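J.: Quick one: this structure, given as structure tokens, is what I'll be asking you about.
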Amino acid sequence: MTYLTKLASPLGPLTLASDGEALTGLWLEGQKYYAAGLEAETGKRPDLAVFCQVELWLEAYFKRRDLPSLPPVAPRGSKFQKRVWKLLLEIPLGKTTTYGALAERLKAAGVSASPQAVGGAVGRNPVSILIPCHRVVGADGSLTGYAGGVEKKRFLLELEGADLTGLYMPKKGTAL
């Protein structure tokens, strides 16, 4: 069974999912792949310990306080996706990397990967914010590829104090 709860945030409502022990999903309302992979049987359990931990972590994050330990996360995905998501956890707060750099890290570890394949895995990250897919930018410095929307990606990077010099946000309707 999957348990759900909702939290308010500066980005709007967040939906959290858990298997009872770890966080398995955190989605911004309306994001691409919203609630992807959820089991049909769900229940509401806002009192779960992991939900309380996530709420404390997010409160510290959005108020720019020292972050507590990351709550347990157990995103569901393919072996490749899980490897990419593990790399995302290594990107320091306030820093960015590129899809190509992540692909190179995987190749160095003996995993066949292209920037496009990495982008696909990053885009399907079911645990937004905590697994920081918003810290990945295009090779040309563009703020693209965030399932929650590019404006929210910019908000999160600015909140973290990331150096956005040289990064740009494509105008709406721009083909990439």
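The values are calculated or read from the model by the stated rules, or taken from the named source; none is laboratory data. Keep in mind the model is a prediction, meaning the values are calculated, not measured. Methodologically, a virtual Cβ is constructed for each residue, glycine included, from the backbone with ideal geometry; neighbour enumeration extends over all protein chains shown. Side chains are part of the model used for accessible areas, which takes the heavy atoms of the whole protein and leaves out ligands, DNA and RNA. Shrake-Rupley method; radii C 1.70, N 1.55, O 1.52, S 1.80 Å.
J.: Out of the DSSP beta bridges found with both residues in region 1-99, what percent are antiparallel (nearest 5)? Could you put the intermediate results ahead of the total?
T.: Working: 10 of 14 bridges.
Of all bridge pairs located within region 1-99, approximately 70 percent are antiparallel.
J.: Rounded to the nearest 0.05, what FRET efficiency do Thr165 and Leu89 have when you use their Cβ-Cβ distance and R0 = 25 Å? Write down the numbers at each step before the final one.
T.: Details: r = 25 Å, r/R0 = 1.00.
Calculated value: 0.50.
J.: Give the aspartates and glutamates reachable from Lys44 as a straight Cα distance under 20 Å; neighbours fewer than 8 places away on the same chain don't count.
T.: Within reach: Asp19, Glu21, Glu29, Glu55.
J.: Treating the angle as unsigned and between 0 and 90°, give the value, to the nearest 10°, between the Cα long axis of helix 99-108 and the longest Cα principal axis of the chain.
T.: 90 degrees
J.: Which order do you get for Leu89, Leu130 if you rank them by accessible area with a 1.4 Å probe, largest at the top?
T.: Heavy-atom accessible area, descending, gives Leu89, Leu130.
J.: Next up: Once you've got the GNM for the chain with C-alpha springs shorter than 10 Å, pick whichever of Ser128, Ser18, Ser142 has the biggest mean-square fluctuation.
T.: Ser142
J.: Where the Cα atoms of the chain are projected onto their three principal axes, how long is each span, largest first, in whole Å?
T.: 43, 35, 33
J.: Still on this model: Pop out the Kirkwood hydrodynamic radius of region 51-117 from its pairwise C-alpha distances, inverse of mean 1/r, in Å to one decimal.
T.: Computed over Cα pairs of region 51-117, the Kirkwood hydrodynamic radius comes out at 13.8 Å.
J.: In nm, what is the difference between 0.36 nm times the number of residues separating Phe80 and Ser114 and their Cα-Cα distance?
T.: Gain in length upon complete extension: 11.1 nm.
J.: Of the DSSP beta bridges with both residues in the chain, give the percent that are antiparallel, rounding to the nearest 5.
T.: Values: 10 of 18 bridges.
Antiparallel bridges make up about 55 percent of those DSSP assigns within the chain.
J.: In whole angstrom, how far apart do the alpha carbon centroids of region 81-121 and region 130-166 sit?
T.: Cα centres, region 81-121 to region 130-166: 15 Å.
J.: Which pairs break 24 Å Cα to Cα here: Lys32/Lys63; Lys63/Lys153; Lys79/Lys107; Lys6/Lys79; Lys107/Lys153; Lys95/Lys153?
T.: Where the Cα-Cα span goes over 24 Å, the pairs concerned are Lys32/Lys63; Lys6/Lys79; Lys107/Lys153.
J.: Over the residues of region 1-103, compute the C-alpha Rg and express it relative to 2.2 N^0.38 Å.
T.: Expressed relative to 2.2 N^0.38 Å, the Cα Rg reads 1.11.
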